[in-house]
Amino acid sequence: MTMKDSFNSSRLQTQLGLSMIELMIAIALGVVLLLGLVQIFGGVRSSFNAADSRARIQENGRFALDFIRRDARMAGHFGCRNEFHHFPSTVARALEPGPNGALDAGFSNHLIGPGALSIRDNAPYTTQAHRPIEVYDYTGTGLGATYVIATDTPAADGTAANWASLPDAGLETISARAVPGSDILVMRYFDESTATVTGLVGTTTGRIPLAATDVSNVNLFGLYGITDCNLASLFQVTALPSPTAVRAAAGGLNLGRADPTFWFDAASANELYGRGSMFYRYQFVVYYIGVGVNGPALFRQTLTEAPTTAAGALLLSTPVEVVEGVEMMQILVGIDTGAPRDDFVNQYIDANTLLTGAATPTAIDNAFRQASSLRISLLVRGNPQAGTTRTRNTIVVGDLNVTLPNDGRARQTYDATIVIRNRLRA
């Protein structure tokens, strides 16, 4: 072995390990790189969560408006004619033909007592078809007002008086389910799904002949409407006597009328509803903001779809959480104040203003009859984001200035102007 080989061998043996200084430098560099990776990952995750929250807000806002839009456009649909035909403001409020000749232009509500009791307003609230659309405004949320959302975990309000003129009992104490600050929307109509009468209605049995496939979709004790494009009746199905007929004679919620057979005009000895008349399910729908599984949400309730008793047909179904994250609903009513009515909106006002001075059923009817469209604004929130700072603490919902809680949530408003198409005359 030469001296040079001995030197190289000795140097290799002395570099088999790292010194403490070299090890500390390597660890420090590794920690710096790891911290950088953690910071990058955190930023990417935060951006992803923010984008996902925004996407959910957009999806929820659009979905909620689509749900409301469908029902609002059907409000007042009673077959071929809308409520302006069946419930003209120029006639008496009686619902059945009688000695005085008073009749709501051919609309007969068989859930109201006959004679002196046969007045529109004596109908059970859910069946008051002469008011196909109602809006109830939360106190203090009128045009230009300021409302403070104090917490991101609201509780139900519980005070019916906070919604002016709200028929709380008729809505099964909705004030105990609705959160404060939001409006309540009520709609009534005959559903677009229809069956056709296949034969003449029996003059003594109260039977309505339908196709067997249609009868199979009819619920016993459910509320239904029938129309021949001139007359219309709202009644309860009291029996399913055969695969091709339903029965709607007096019984169940149906009360006695001037003619107990319902479908036969004794004076003229003619069928009121014959072959080709249309048979619909009656719909009652209410929207409100309530407390959902993950906080405030848009809720929808209808009449019980498959009642087990006669009285059950007037009960509301279990509330359905339609869309989560909807924190507030503000509704402005577009009114047609023209004389004569021309179907053009002259102004948008809140429901409290609309009902100001309406102290009688007739006055309330006339107030709601002015509505030609609805301007609905929803405030939709996302999930809380840690470390998020808000650039502003106030957002406009409809024409209401809303002060937001500092909870790290993104929020967005969604607006839609919905024409009540069954109120258009053109």
Top-ranked residue in segment 131-144 [being at pLDDT 90 or above and assigned to a loop (DSSP other than H, G, I, E, B); ranked as most open to solvent (accessible area, probe 1.4 Å)]: 139
If the Cβ limit is 9 Å and pairs must be 6+ apart or interchain, which residue in segment 117-138 that is within 12 Å of residue 75 (Cα to Cα) pairs with which residue that is of a type in the set (Asp, Glu)? 129/83; 130/83; 130/104; 130/121; 130/365; 131/83; 131/365; 132/83
Those residues of segment 335-377 which are in a loop (DSSP other than H, G, I, E, B) and open to solvent by 60 Å² or more (accessible area, probe 1.4 Å), in sequence order: 337, 339, 340, 342, 344, 346, 356, 357, 359, 360
Where a residue in segment 336-361 is within 24 Å of residue 145 (Cα to Cα) and modelled with pLDDT of 85 or more and its partner, wherever it lies, is of a type in the set (A, V, I, L, M) and part of a loop (DSSP other than H, G, I, E, B), with Cβ under 6 Å and at least six apart: 350/143; 352/164
So for segment 150-163 (the condition being in contact (Cβ under 8 Å) with a residue 24 or more places away in the chain, farther than 23 Å from residue 238 by Cβ and among the hydroxyl-bearing types (Ser, Thr, Tyr)), does at least one residue qualify? yes
Can you name the residue in segment 61-107 that is open to solvent by 50 Å² or more (accessible area, probe 1.4 Å) and of a type in the set (S, T, N, Q) and, of all such residues, is modelled with the lowest pLDDT? 100
Test residue 21 against the stated conditions and say whether it is surrounded by fewer than 10 Cβ atoms within 10 Å (Cβ to Cβ), β-branched (Val, Ile, Thr) and either at pLDDT 80 or above or at negative phi (or both). yes
From 171, 166, 185, which residue is under 20 Å from residue 296 (Cβ atoms), without any contact (Cβ under 8 Å) to a residue 60 or more places away in the chain, of a type outside the set (Gly, Ala, Ser) and touching a helix residue (DSSP H, G or I) at 6+ places or on another chain (Cβ under 8 Å)? 166
Please indicate, with yes or no, whether at least one residue in segment 234-257 is open to solvent by less than 10 Å² (accessible area, probe 1.4 Å), modelled with pLDDT of 90 or more and among the polar types (S, T, N, Q). yes
Scope segment 210-254; condition in contact with a helix residue (DSSP H, G or I) (Cβ under 6 Å, 6 or more places away or on another chain) and farther than 30 Å from residue 84 by Cβ; matching residues: 221, 243, 244
Might you check whether a residue that is in contact with a Leu (Cβ under 6 Å, 6 or more places away or on another chain), farther than 30 Å from residue 211 by Cα and surrounded by fewer than 19 Cβ atoms within 10 Å (Cβ to Cβ) occurs anywhere in segment 171-184? yes
All but one of (1) under 19 Å from the mean Cα position of the chain (by Cα); (2) farther than 20 Å from residue 350 by Cα hold for residue 138; which doesn't? (2)
For segment 161-191, which positions are more than 18 Å from residue 83 (Cβ to Cβ) and in a strand (DSSP E or B)? 163, 178, 184
For segment 216-231, how many residues are modelled with pLDDT of 90 or more, assigned to a loop (DSSP other than H, G, I, E, B) and either over 16 Å from residue 305 (Cα atoms) or open to solvent by less than 40 Å² (accessible area, probe 1.4 Å) (or both)? 2
From the list 213, 198, 194, exactly one residue is open to solvent by 20 Å² or more (accessible area, probe 1.4 Å) and either in a loop (DSSP other than H, G, I, E, B) or aliphatic (A, V, I, L, M) (or both). Which is it? 198
Suppose we filter segment 296-334 for residues that are open to solvent by 20 Å² or more (accessible area, probe 1.4 Å) and of a type in the set (Gly, Ala, Ser); how many remain? 4
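The values are calculated or read from the model by the stated rules, or taken from the named source; none is laboratory data. Quick caveat: nothing in here was measured; it's all calculated off a predicted structure. Note that we place each Cβ from the backbone using ideal geometry, even for glycine, and neighbour counts take in every protein chain shown. For accessibility, only protein heavy atoms count, side chains too; no ligands or nucleic acids. Shrake-Rupley method; radii C 1.70, N 1.55, O 1.52, S 1.80 Å.
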